[in-house]
1. With a ≥ b ≥ c the root eigenvalues of the C-alpha gyration tensor of the stretch 120-275, is it rounded (a/c under 1.5), prolate (a/b larger than b/c) or oblate?
2. What distance in nm lies between label points placed 7 Å from Cα along the C-beta direction at Gln194 and Gln95?
3. What GluC sites (Glu not before Pro) does the stretch 127-190 have in DSSP loop regions with at most 11 other beta carbons within 10 Å?
4. Could you list Ile255, Ile226 in order of exposure, starting from the residue whose Cβ has the fewest other Cβ atoms within 10 Å?
5. Once fully extended, how much extra length lies between Phe233 and Glu34, figured as 0.36 nm per residue of separation less the alpha-carbon to alpha-carbon distance?
6. Kindly state, to the nearest 0.05, the FRET efficiency for Arg7 paired with Leu27, given R0 = 25 Å and r defined as their beta-carbon distance.
7. Using DSSP to call loops (not H, G, I, E or B), can you name the trypsin sites (Lys or Arg not before Pro) in the stretch 197-226 whose Cβ has at most 13 other Cβ atoms within 10 angstrom?
8. Which of the listed residues, Ser232, Ser171, Leu144, is farthest toward the dipole's positive end in the stretch 120-275, when Lys, Arg count +1 and Asp, Glu count -1 at the beta-carbon?
Amino acid sequence: MKKLAARGSKAEQKAKKKQVEEEISQLSARLKVEHAKELAALGYSGGNGNEKNNVDTLVKAIAGVSVTSQPEHTKSSKAKQRRDKRAQQEAEREQRIQAEQSDTVSDRMIENEKLEKKLKPLGLTVNEIKPDGHCLYRAVEDQLAVLSGSISPYTYQELRGMVAAYMRKHSSDFLPFFLSENLIEADSDESPVQKFENYCKEVESTAVWGGQLELGALTHCLKKHIKIFSGSFPDVEMGKEYKCEDGNGSSNLSIMLSYHKHAFGLGEHYNSVVPT
């Protein structure tokens, strides 16, 4: 709604802004009521003054974990601990998104304008990809379809499986970079190798967001040169050894993506870049 309201002249944007804010306020109020009902059904209470326990209960409720009282001596399974931690991270992420939402809208507009100015002279434009954790793989799937002139030889799920398999097979190439981005907790009984294997499992079977590690694997899996355009950072090229140029010196078999730091108020996102 904010994205639509940001279109048009300044006068039109000003007229739409108040209406949109009122509608968002009404929707947010309704959503809070629904959330309160759902959390109450899961055993969460927000008014007993015990904030620490309430937050713990809320995290468990979001994760879909039972909040029924259990003996303190019962040891949580590793899988349950991971679910709780993931739910807490997701809750914190949502809080950050809401806190920065007004700035994010403004930053997104600036980012998109810069990207458009960069792509337009090249005869390129952004093809919007569904904003979920699969966006990198969906964008690559879209690019493969463009390059083939038909449908992609691989679905985004198959691309995930290929990336995970390649990373496992070449773990020595990826493990140091993985560890530099993922600190091993001091009290963790998982070895770095096991933690990397768990990550590969998430890559192939969940909607975990893909980044530079996965892009590196994709270039080798597909033997394709990948170029990533951005309105916030310098453009990036990966897999230059696979770059193929036509007689005019321009790349005609490259996978072209756009990286958005402020997309949809959801944070980082990838789109497909196609000819206009």
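Nothing in this text is a laboratory measurement; each read-out follows from the coordinates by a stated rule. Here the structure is a predicted model, which means the values were calculated and not measured. Glycine also receives a Cβ, built like all others from the backbone with ideal geometry; neighbour counts cover every protein chain displayed.
1. On the way: a/c = 1.91, a/b = 1.66, b/c = 1.15.
In terms of gyration-tensor shape, prolate.
2. Each label point lies 7 Å from its Cα, and together they span 3.0 nm.
3. Numbers: sites: Glu128, Glu141, Glu158, Glu181, Glu185, Glu190; in loops: Glu128, Glu185, Glu190.
Of the GluC sites (Glu not before Pro), the ones in loops of the stretch 127-190 whose Cβ has at most 11 other Cβ atoms within 10 Å are Glu185.
4. Numbers: Ile255 26, Ile226 22.
The fewest-first ordering by Cβ neighbours comes to Ile226, Ile255.
5. On the way: separation 199, 0.36 × 199 = 71.64 nm, distance 3.96 nm.
So the extension gain works out to 67.7 nm.
6. On the way: r = 20 Å, r/R0 = 0.80.
Efficiency, from the Cβ-Cβ distance: 0.80.
7. On the way: sites: Lys201, Lys223, Lys224; in loops: Lys223, Lys224.
Within the stretch 197-226, the qualifying trypsin sites (Lys or Arg not before Pro) (loop, at most 13 other Cβ atoms within 10 Å) are Lys223.
8. Leu144
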